[in-house]
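Please treat every number below as a calculation from the coordinates, not as lab data. Predicted, not measured: the structure shown is a model, and the values here were computed from it. No Cβ is skipped: glycine too gets one built from the backbone with ideal geometry, and neighbour counts run over all protein chains shown.
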Amino acid sequence: MNISVEEKQTILQIARNSISSIYDSEIDNEVDYSSFPILSSQKGAFVTLTKNHNLRGCIGYITSNLPLSETIRDAAVQAAIGDPRFPKLTQEEFSKIEIEVSILSEPFLLESYEDIIVGTHGLILTEQGHRGLLLPQVPIEHKMNKEEYLSALCEKSGFYPSFWKERILNIEMFTADVFSEEEFEDD
């Protein structure tokens, strides 16, 4: 995907306005799709919220049948108030969060662990009724090598860390365009 600066800024604004609308029903979040066709495309997306560089919420969808703008709206609101790992984001916290958006490619099946490029590929593990996902930026942010990345994926999915060493697991990979408000703070 080739997402322009203007499209990224618009997507980030959609996410911020969606969260803001939780506290203020007067927020206008209507978007003119004609200027940015990507907003009407059907893509998976995740919205990650951080506060002081610490995770504060992250929710998303691997794929979506909705226009990207709607997927972003829903993921942003859910990251703010629906992530079970965190209490609901308060209005006071809202001004202190940074928003990051990941627009996902279609997932494709991993054939060999050698195919994984740390920092490029996100991973989805689906095994024995368990499912876990790690975005491509996770191993970079946590300074993981490929083995640590696979172990973290297993743990996130409810398995023991070395589960991946037993065989090639049912893992799909994807790439993502990742961008955040932090990139545009000087604009």
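Miscellaneous remarks
- When the chain is treated as a Gaussian network with alpha carbon springs shorter than 10 Å, the biggest mean-square fluctuation among GLU100, GLU155, GLU166 belongs to GLU166.
- Cβ-derived FRET efficiency at R0 22 Å, SER105 paired with VAL5, nearest 0.05: 0.65
- For the residue pairs LYS96/LYS165; LYS8/LYS51; LYS96/LYS146, alpha carbon separations beyond 31 Å are given by LYS96/LYS165; LYS96/LYS146.
- Debye intensity ratio in log₁₀ form over the Cα atoms of the range 5-104, taken at each q of 0.17 Å⁻¹: -0.69
- ³J(HN,Hα), Karplus 6.51/-1.76/1.60, whole Hz, each residue of the range 112-120, x for Gly, Pro: 8, 4, 5, 6, 6, 10, 4, x, 10
- For the pair SER40 and ILE168, label points projected 7 Å from Cα toward Cβ lie 4.0 nm apart.
- Once both labels are positioned 7 Å from their Cα atoms along Cα-to-Cβ, the gap between VAL118 and LYS156 label points is 1.5 nm.
- Each residue of the range 5-14 was assigned a 3J(HN,Hα) from its phi angle through the Karplus expression (A = 6.51, B = -1.76, C = 1.60, θ = phi - 60°), giving 4, 5, 5, 4, 4, 5, 4, 5, 5, 4 Hz with x at Gly and Pro.
- Helix 68-81 axis versus longest C-alpha principal axis of the chain: approximately 80°, rounded to the nearest ten.
- Distance from the range 31-86 to the range 91-128 (C-alpha centre basis), Å: 13 Å
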